[in-house]
Amino acid sequence: MHKETNIAKAKSERINAAMGRGQKIIWFRDNMDQTEDDDEEEVDAKLKKKVWTMVELRQLVDVYLARNDEDVETLLAKKEEGKNLLQKESLFLQLVDLEVKEAKLAGVEVPDLTNGAVVKALRAWDGDLNSITTIKLITCKPASIIPIEEEAKNSRRGDGAKADKVPQLLTEQQAIEMATGMAVN
């Protein structure tokens, strides 16, 4: 009986992980052709687009990470007014914060829109979790942090003029402390 319980638990964990990945892939499928203007001609032209550049993919990751901003602002305003947040709301704020920190430190696993075959498979994907493996995922950092990293690389190369403008990068220890909220010794 103990073995059956462990098998059921493992199966449930796999399903939950696949559902989380599936929801993310569905978001990218539904939003990869969206523009801020949503001009029909522009969307039609983008539908014909076969691949995205890494810069465009990183910008899409920024949009993905900002998808909950309105809800977060509402909850933070409620918290500032002195109202207690429900446990569900507090957990939501923690999860959004963790997602953003992880994205900035390690990147986000997203569909590889720089590969035409993946874009075609993503457009044809019906949302079935069993066929999710046909969509190749890559790790991509948001565009909002890339310029900081590139400037830091330039300053390490000895570009003296750029070194003055580069903000201090976090040490590995500081990054771990920021991501986990715990002091590392």
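The values are calculated or read from the model by the stated rules, or taken from the named source; none is laboratory data. Worth saying up front: this structure is predicted, and the values here are computed from it rather than measured. Heads up, the Cβs are rebuilt from the backbone with ideal geometry, glycines too, and the neighbour counts pull from every protein chain shown. Note: areas computed on protein heavy atoms with side chains; ligands, DNA, RNA excluded. Shrake-Rupley method; radii C 1.70, N 1.55, O 1.52, S 1.80 Å.
Can you name every residue in region 47-85 that is surrounded by 14 or more Cβ atoms within 10 Å (Cβ to Cβ) and over 30 Å from A121 (Cβ atoms)? Listed by number, the residues that qualify are V72, L75, K78, K79, L85.
Annotation note: Cβ proximity below 6 Å between a residue of region 96-112 that is under 15 Å from S144 (Cβ atoms) and a residue that is open to solvent by 40 Å² or more (accessible area, probe 1.4 Å) (sequence gap 6+ or interchain) occurs for G107/T139; G107/K141.
Suppose we keep only residues that are charged (D, E, K, R) and not in a helix (DSSP H, G or I) within region 71-92. Which one would you say is nearest to G20 (Cα to Cα)? So, considering only residues that are charged (D, E, K, R) and not in a helix (DSSP H, G or I), the one nearest to G20 (Cα to Cα) is K83.
If you go through region 107-128 one residue at a time, how many are assigned to a loop (DSSP other than H, G, I, E, B) and open to solvent by less than 70 Å² (accessible area, probe 1.4 Å)? Full working, then the answer.
In the first step, residues of region 107-128 are kept if they are assigned to a loop (DSSP other than H, G, I, E, B); the result is 107, 112-115, 125-128.
Now drop any that are not open to solvent by less than 70 Å² (accessible area, probe 1.4 Å), which leaves 107, 112-115, 125, 127-128.
The qualifying residues number 8.
Counting the residues of region 1-55 that are among the polar types (S, T, N, Q), part of a helix (DSSP H, G or I) and at pLDDT below 80 gives 1. Among K136, K88, K141, which is buried (at least 17 other Cβ atoms within 10 Å of the Cβ) and either under 20 Å from the mean Cα position of the chain (by Cα) or modelled with pLDDT of 90 or more (or both)? Selected residue: K141, the only one of K136, K88, K141 that is buried (at least 17 other Cβ atoms within 10 Å of the Cβ) and either under 20 Å from the mean Cα position of the chain (by Cα) or modelled with pLDDT of 90 or more (or both).
L95 - would you say it is on the phi < 0 side of the Ramachandran plot and either surrounded by 12 or more Cβ atoms within 10 Å (Cβ to Cβ) or not in a helix (DSSP H, G or I) (or both)? Give the derivation first.
Working: on the phi < 0 side of the Ramachandran plot: yes; either surrounded by 12 or more Cβ atoms within 10 Å (Cβ to Cβ) or not in a helix (DSSP H, G or I) (or both): no.
Taking the combined requirement at face value, the residue does not satisfy it.
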